[in-house]
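Here is the structure we will look at.
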Amino acid sequence: MQIGIGISQNQDPSAAVYEALEQSLVHGPLPDLTVVFYAGGYDPDTLWRSASGKLAGSPFIGGWVHGIFTGQEVYRLGVAVLSLYGINARTKLVSIDGQKAYDVGQTAGMALIEDETQTGTVMVFPNVRNPRLAALIRGVYSRLGPQFQYIGAGTGVQFTEEGCASDGVAAALIRDVHFTYGIGHGWIPFGEPMLVTRTEGNRIWELDGQPAAVRFRTAVNQLEKGNSEMIGSSYQLGIPCGNGEYVIRNIMRIEDEALVCVTAIPSKSMVTLMTTSILALPAIAKRITEEALHQHPAPKFALLFDGVSRESLLKDSFAQESRNTFRTLEGLPAVGVLTFGQIDSSFGVPIFHNSALTVTIGGDRA
């Protein structure tokens, strides 16, 4: 396996794509798979046409992210490219277009299997604006099952060599690459569990039979000793997953005393108020990276998906988190992007996470 990485901050979308690809295509003009991320206000159709023309039918996958980061800075405008040679990959783009998210996931999963393939890694980039995003991921899993590994993130635009979509899912089946993973968020539970008693889409209307915002404020005020009237980004919801682990669900806003979350939380779910220590998050990022790196016998590259909400929470301290992550990689080629949620199957099934950092290490088997 051979890899190439490129980053461009050119303000012209076509030039940015060409520059990033030129940096990454060091082992030949047509990789077996190219992963393309872009941040900023580029026209997605122009960017897609430029990538499609340059790669001439070679499989590629990617989407719009909030930012691209290195160990030194965050780029709000730019294109980042990872090119992989010596592997086997197949891609698929499916438009949601009013369909049920679960059905779209099943369609994407089935489209990736054209032979007797029984193992591999599925990379998934769904539209983060879909409140049923978790159901879409379950649909992919229902067709492919536990013999596959799953990685990915929520994006604002999705594309493959087949086309570009603003409301779809881009997926790739990757073989001949050995992946290891690290994931974490640094959030801890506080107080008693609460029962989700009424929901609609991504809105929680009731917790423990009370208006959701009222119940949540009560829990926050217990922590703040009555000094908090606002929810703020320091408090979110956690869904227990066993073994003391929680999946975070970010609350975007309050409307009509309902908690509007990034994605749907099913009724009758148990949730817990979660809080975090900002000072501890950079050290947690280092630990997550170490876990993923030390598991791999022959690492060649890293993909870093860090949550937008983590950067917003950390503010200036995010630079320390990104430095910790890249230093721990010890010069391993890496692409870091700020994503709208992360997808990981370290719990055995693919789960959509909020406020997490996922570190994926790829390479050869020993």
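The values are calculated or read from the model by the stated rules, or taken from the named source; none is laboratory data. What you see is a predicted model; the values in this text were computed from it and never measured. Note that we place each Cβ from the backbone using ideal geometry, even for glycine, and neighbour counts take in every protein chain shown.
Couple of notes before you dig in:
- Only one entry of 188, 204, 183 meets the criterion of being part of a strand (DSSP E or B), surrounded by fewer than 20 Cβ atoms within 10 Å (Cβ to Cβ) and in contact (Cβ under 8 Å) with a residue 40 or more places away in the chain, and that entry is 188.
- Meets criteria (free of Cβ contacts under 8 Å to residues at least 40 places away in the same chain and outside any loop (DSSP other than H, G, I, E, B)) for residue 312: no
- Of residues in the stretch 324-351 being out of contact with any Pro (no Cβ under 8 Å at 6 or more places or on another chain) and assigned to a helix (DSSP H, G or I), the one surrounded by the most Cβ atoms within 10 Å (Cβ to Cβ): 325
- If the condition is being within 14 Å of residue 94 (Cβ to Cβ), charged (D, E, K, R) and assigned to a helix (DSSP H, G or I), then the stretch 125-166 contributes only 143.
- Among (1) at pLDDT below 90; (2) outside any strand (DSSP E or B); (3) over 15 Å from the mean Cα position of the chain (by Cα); (4) not aromatic (Phe, Trp, Tyr) - the single one residue 103 does not satisfy: (1)
- Total residues in the stretch 79-94 satisfying the condition of being under 23 Å from residue 338 (Cα atoms), hydroxyl-bearing (Ser, Thr, Tyr) and more than 18 Å from the chain's Cα centre (by Cα): the figure is 1.
- Residues within the stretch 263-280 that are surrounded by 14 or more Cβ atoms within 10 Å (Cβ to Cβ), within 13 Å of residue 206 (Cβ to Cβ) and of a type outside the set (A, V, I, L, M), tallied: 2
- Exactly one residue among 140, 169 is crowded, with 22+ Cβ neighbours inside 10 Å, assigned by TED's automatic domain parsing to the domain that holds residue 297, under 13 Å from the mean Cα position of the chain (by Cα) and among the β-branched types (Val, Ile, Thr), and that residue is 169.
- Residue 329 being at pLDDT below 90 and more than 26 Å from residue 137 (Cβ to Cβ): no
- Qualifying residue in the stretch 74-88 (condition: crowded, with 23+ Cβ neighbours inside 10 Å and in a loop (DSSP other than H, G, I, E, B)): no
- Some residue of the stretch 313-321 being in the same structural domain as residue 33 (by TED's automatic domain parsing), over 20 Å from the mean Cα position of the chain (by Cα) and of a type outside the set (Ser, Thr, Tyr): yes
- Residue within the stretch 216-229 that is within 16 Å of the chain's Cα centre (by Cα) and either loosely packed, with under 15 Cβ neighbours inside 10 Å or at negative phi (or both) present: no
- Test: residue in the stretch 274-288 that is under 12 Å from residue 360 (Cα atoms) and in a helix (DSSP H, G or I): yes
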